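Structure first, commentary second.
The values are calculated or read from the model by the stated rules, or taken from the named source; none is laboratory data. Just so it is clear, the model here is predicted, and its values are computed rather than measured. Neighbour counts run over all protein chains shown; Cβ positions are idealised from the backbone, glycine included. Accessible surface is based on the protein model in full, side chains and every heavy atom, while ligands, DNA and RNA are left aside. Shrake-Rupley method; radii C 1.70, N 1.55, O 1.52, S 1.80 Å.
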Amino acid sequence: MFEHVKAFPGDPILSLNEDFQVDPRANKVNLSIGIYFNADGKLPVMAAVHDAEHALAREIRPRPYLPMAGLPDYRDAVHQLVFGNACSVRTRQRIATLQTLGGSGALKVGADFLRRTLPNAQVWISDPSWENHRVVFERAGFIVNTYPYYDIATGGLRFAAMLDALHAIPNRHIVLLHACCHNPTGVDLDRNQWREVISLIEKKELLPFVDMAYQGFGTDLDDDAFAVRELAARGISCLVANSFSKNFALYGERCGGLSVVCQSDEEAMRVLGQLSGTVRSNYSNPPTYGAKVVHTVLRTPVLRTLWQTELASMCRRISAMRHAMYKQLQGRISDEIVSHYIQQRGMFTYTGLNTAQVDRLRTEHGVYLVRSGRMCVAGLNEQNISIVADAIARVLSR
Ligand code: LMR
């Protein structure tokens with residue numbers, strides 16, 4: 001039956017993370033997967049999450065199936081966090097939001113829905129993009145193309161080329177955008193650039209699918225959602241995938257959401273129904289626990305404040321590590337490349353290292369980066385930063 005099955009070549013991020021776990025070297029450093037580690041190199045349990053879990057443990061309840069679209073209170077909380085308090089009631093009613101298995105689950109449910117709804121559309125992702133974007137959309141049956149994004153020469157954005165490419169995309173095609181903390185480059189659009197892109201999208205009748213996996217890791221929860229809220233306020237049909245893996249450090253609970261901005265409340269009801277049907281045919285309905293934790297934090301003012309404070313401090317730690325890395329490498333590697341650390345933002349930096357150099361970092365120094373040259377800056381700390389900087393300087397010197 002399975003003689004013809006080919007070996008899985010592995011996933012560029014998850015398989016690397018698994019390799020790291022079994023690497024016996026004591027001073028190995030994991031800067032591959034997009035996970036926030038604290039100053040001690042540990043995966044944190046956020047204080048608000050801890051308190052919410054204790055509160056939930058005091059009232060153990062029966063566990064029926066959730067609705068296909070997920071826990072209603074959680075869906076409201078997702079909606080509020082993604083679209084903000086200023087979202088008008090009229091706009092709010094035109095948005096269908098459902099609970100998903102993390103941000104990846106939202107992409108998958110959205111991709112399946114779109115494949116049936118817009119069978120002639122193709123998908124356009126940034127060059128480069130998160131490796132799994134292509135996989136998710138291709139496996140849903142789409143042709144996936146790229147638009148220019150990252151400028152190797154400057155470590156910044158190829159904005160003019162991006163606009164030209166968006167201009168040439170046929171109408172009713174799907175454009176995948178990163179709301180903030182672009183994965184893998186750490187290069188984001190500023191507000192004026194977003195406004196220009198959104199106007200073009202509106203004019204060209206493109207369908208934006210916004211991936212917001214890092215809300216709170218750029219500037220703050222509201223600023224990071226600027227593009228999403230601008231699209232919704234302008235009444236542009238779009239999809240938004242959001243995730244609580246990173247900003248709640250709840251990676252293993254698979255808490256995410258998919259929101260679809262529609263043209264009327266009646267259309268939103270139909271879309272929600274079709275999305276629920278997509279969930280039913282994939283995994284029936286989502287799990288309860290993580291959604292309850294997230295909802296408890298977001299609806300309890302004291303926990304919400306605690307969560308936001310801790311998230312902001314995580315963000316500051318990442319920024320401090322960027323500056324520390326910059327200092328460590330200044331004068332040892334080229335100015336253009338060293339500037340990436342402070343120019344880019346969010347969890348990731350595109351180091352400019354090529355595949356061979358990344359491989360040497362791993363094999364010779366036990367420092368793990370994704371082979372594209374992406375470094376998860378959130379894995380750096382005071383103890384490992386000089387090991388990493390020395391390894392990079394050595395690899396780049398020959
Ligand atoms: C990453 O980009 O490293 C994370 O989003 C984890 C993943 O699923 O790839």
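Would you work out if the range 333-398 is rounded, prolate or oblate? Take a ≥ b ≥ c from the square roots of the eigenvalues of the alpha-carbon gyration tensor; rounded if a/c is under 1.5, else prolate when a/b is larger than b/c, oblate otherwise. Rounded shape, in that the Cα axes give a/c under 1.5.
Cα gyration tensor of the range 128-271, axes a ≥ b ≥ c as square roots of the eigenvalues: rounded (a/c below 1.5), prolate (a/b > b/c) or oblate? Don't skip to the end; give the middle numbers.
Working: a/c = 1.30, a/b = 1.04, b/c = 1.25.
In terms of gyration-tensor shape, rounded.
Think of it as helices only: each DSSP H run of n ≥ 4 in the chain is worth -39500 (n - 2.57), and spread over all residues that comes to -14500 deg cm²/dmol at 222 nm. Put a dot 7 Å past the Cα of Asp40, heading toward its Cβ, do the same for Ala312, and the two dots end up 2.5 nm apart.
When only the Cβ of Lys, Arg, Asp and Glu is charged (+1, +1, -1, -1), the dipole of the range 109-248 relative to its Cα centre reaches about 480 debye.
A Förster distance of 35 Å, applied to the separation of the beta-carbon atoms of Asn120 and Asn282, puts the FRET efficiency at 0.90.
Count the net charge of all other residues whose Cβ sits under 15 Å from the Cβ of Ala356, scoring Lys and Arg as +1 and Asp and Glu as -1.
On the way: positive: Arg360, Arg362, Arg371, Arg394, Arg398; negative: Asp359, Glu364.
Combined, the nearby Lys, Arg, Asp and Glu give +3.
Which of the listed residues, Asn27, Leu71, Val135, is farthest toward the dipole's positive end in the chain, when Lys, Arg count +1 and Asp, Glu count -1 at the beta-carbon? Projecting each Cα onto the dipole axis, the largest value belongs to Leu71.
Within the set of other residues whose C-beta is less than 13 Å from the C-beta of His79, count the net charge using Lys and Arg as +1 and Asp and Glu as -1.
Numbers: positive: Arg75, Arg92, Arg94, Arg229, Arg299; negative: Asp73, Asp76.
Its environment carries a net charge of +3.
Think of the range 77-127 as having a plus end and a minus end, set by charges on the Cβ of Lys, Arg, Asp and Glu; of Ile95, Phe113, Ser126, Ile95 sits farthest toward the positive end of this dipole. Using Cβ point charges alone (K and R +1, D and E -1), the dipole size of the range 87-180 about the Cα centre works out to roughly 540 debye.
Roll a 1.4 angstrom probe over the protein heavy atoms and tell me the percent of accessible area of the range 271-377 that is carbon or sulfur.
Values: 2330 of 4420 Å².
With neighbouring chains kept in place, the figure for the range 271-377 is 53 percent.
Of the listed pairs Lys28/Lys246; Lys203/Lys246; Lys6/Lys246; Lys108/Lys204, which have alpha-carbon separations greater than 31 Å here? Beyond 31 Å between Cα atoms: Lys203/Lys246; Lys6/Lys246.
Look at where the Cα atoms of the range 1-67 and of the range 153-217 average out, and the two centres are 29 Å apart.
Checking every one of the GluC sites (Glu not before Pro) in the range 148-232 against DSSP loop status and a limit of 16 other Cβ atoms within 10 Å picks out Glu205.
I need the shape label for the range 210-283. Rule: rounded when a/c is under 1.5, else prolate if a/b > b/c, else oblate, with a, b, c from the alpha carbon gyration tensor. Taking the square roots of the gyration eigenvalues as a ≥ b ≥ c, the range 210-283 is oblate.
Looking at the P(r) of the range 256-386, how many percent of alpha-carbon pairs lie beyond 18 Å? Before the final figure, lay out the partial values.
Values: 5990 of 8515 pairs.
Within the range 256-386, distances greater than 18 Å cover 70 percent of Cα pairs.
Summed over the residues of the range 340-395 and divided among them, the accessible surface reaches 31 Å² per residue at a probe radius of 1.4 Å.
In this calculation the C-beta distance from Glu53 to Glu364 is compared with R0 = 56 Å, giving a FRET efficiency of 0.85. Here the chain is assigned +1 on the Cβ of each Lys and Arg and -1 on the Cβ of each Asp and Glu. Its dipole about the Cα centre then comes out at about 360 debye. Taking all protein chains into account, the per residue accessible area for the range 80-216 stands at 39 Å² (1.4 Å probe). For the pair Asp223 and Val22, label points projected 7 Å from Cα toward Cβ lie 4.3 nm apart.
Extension gain for Arg92 to Ile387 (0.36 nm times residue separation, less C-alpha to C-alpha distance): 101.3 nm. Ranking Met314, Val279, Ala268 by how far each Cα lies toward the positive end of the dipole of the range 210-345 (charges on Cβ) leaves Met314 at the top.
Seen from all sides and averaged, what is the projected area of the convex hull of the Cα atoms in the range 1-120, in nm²? Spell out each step's value before the answer.
Working: hull surface 59.8 nm².
Hull-based average projected area comes out at 14.9 nm².
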